[in-house]
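First comes the structure, then the notes that go with it.
Here, each number is a calculation from the coordinates, and none is a lab measurement. The shown structure was predicted, so the numbers you read here are calculated from the model rather than taken from an experiment. When we count neighbours, we look across all protein chains shown, and the Cβ atoms used for this are built from the backbone with ideal geometry, even at glycine.
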Amino acid sequence: MTGLLDHDRLVISQKAKLIELTNEYVIRDEAGTQVGVVRQEGQSKMRKALRLVSKLDQFMTHHLSVYDGGGAKVLSLTRPMALLKSTIEVADAGGTAIGRIVQKNIVGKIRFGLEDAAGTPVGEIRGENWRSWDFSIVDATEREIGRVTKKWAGLGREMFTTADNYAFEVAPDASGALRLLAFAAAAGIDTALKQDNG
């Protein structure tokens, strides 16, 4: 694992834009040092134009890549076309599948299943309530191993930009596919959920 994925606490901040045509996020450690970025990739000019004038983009395939502070790719996330429920496919830098984050419901408290590359359940992400942007991450034994919490950026910023901030915490002993999927969930939660709610 690279240093970026070894962090137990991170803040993932969407870059503030008046008009959002491409999703971009900065990843910072507890001290506020930038340790990585998440970028949406593979958008054509036509797709960006469609995003500017409609909400159809939320139903299309999204590709996100996670890079460490040195610019090395560490994860890729793909959310295929979705009408009601989102799935995010997670792969390592070389394209080898790590697993999937699968939305389980569309009504009530949002829940996502975490599955390894073989499709075996390794955990779950659970919304705090039906409109919550705060999530607990549990392993297959129901033990909470992490959290993703939306942090409010302030009235002016929230009103006039599309920026969101997410705090991510994971237990130091969380490892393997579960740890990587938990991190991927934090990096992709805005695309999986907020885009669908648009």
Query - Stretch gain in nm, segment Lys15-Glu142, where the contour uses 0.36 nm per residue and the Cα spacing is subtracted - result: 42.3 nm
Report task. For Ala82, enumerate residues with amide H under 5 Å from its amide H, sequence gap 5+ or separate chain, H modeled in the peptide plane. Result -> Met60
Report summary line: The set of residues whose placed amide H lies less than 5 Å from the amide H of Asn23, leaving out same-chain residues fewer than 5 positions away, is Gln40
Report summary line: Here FRET efficiency (C-beta to C-beta, Glu24 to Asp173, R₀ 45 Å, nearest 0.05) is 0.90
